[in-house]
Amino acid sequence: MSTKTSDHDIPMAPGSEILRARLQRTESTGGGETAHGEDSDAWGGFGPEEIWDNENWDDPRHEMSLADLAKLDPGLKVIRYQNQDPELDELEKLTASPMFAAVEYFDLRRNFRSPGDAEIAELINSGALAHIRLLSLDSCYSLADQTLEAIGSGAMPKLEALEIGSTDVTAEGLAALADASKTPALQVVQGMFVSKLSPAGIEALSNARPELNLRFTS
């Protein structure tokens, strides 16, 4: 499988330049620049106090639990919670907190075992992620078609970009994104090593939504 379009030709809504850089994170960078921007502490154009990454050991807050994270004030813009396999009830409490209302980028990559596909779909269907612009579920091995069906139902109308690499998504799940009226802001769907996703499935979504950038590599 290969990408539908060039990495350098992703149309973005006004104010989404950092999102473009985030999606093009595989580009080479020079000097002190990172793929998240000129300074990793300014990821998304936000200040360090608005960013939380549980694997950023330079941030003294990185060991906070999700329960403690939910109590942060002011609210966060970026949450990256990786390699921890959170339970659904932990995520429900986080996403129901007043703090989470300001979050735009929610990165759950490398939560290999938990939550499962049905649980992620339940969280999405609850409306808790309705305001999220970028959702990364990369290397969430249990993620599959129920998650995409939940997104395609209209539960995430502000979603601009979705990362689903190393998951069990199939052509049937991808087809759930075909109705542009349900995900009107969606511009990019990408992932590496989506082994159950056929070229025919990618082509079918491309035909249904030619404005989408579908970036898949095997």
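General remarks:
- Meets criteria (in a loop (DSSP other than H, G, I, E, B) and among the β-branched types (Val, Ile, Thr)) for Val189: no
- Residues within segment 181-211 that are closer than 12 Å to Ala171 by Cα and of a type outside the set (Val, Ile, Thr), tallied: 11
- None of Glu50, Glu122 is crowded, with 19+ Cβ neighbours inside 10 Å and among the charged types (D, E, K, R) except Glu50.
- Scanning segment 111-142 for residues that are of a type in the set (A, V, I, L, M) and either at pLDDT below 95 or in contact with a strand residue (DSSP E or B) (Cβ under 8 Å, 6 or more places away or on another chain) (or both) yields Leu129, Ile132, Leu134, Leu135, Leu137.
- Complete set of residues in segment 167-182 that are more than 16 Å from Asn207 (Cα to Cα) and either among the hydrophobic types (A, V, I, L, M, F, W, C) or crowded, with 20+ Cβ neighbours inside 10 Å (or both): Thr167, Val169
The values are calculated or read from the model by the stated rules, or taken from the named source; none is laboratory data. What you see is a predicted model; the values in this text were computed from it and never measured. Neighbour counts run over all protein chains shown; Cβ positions are idealised from the backbone, glycine included.
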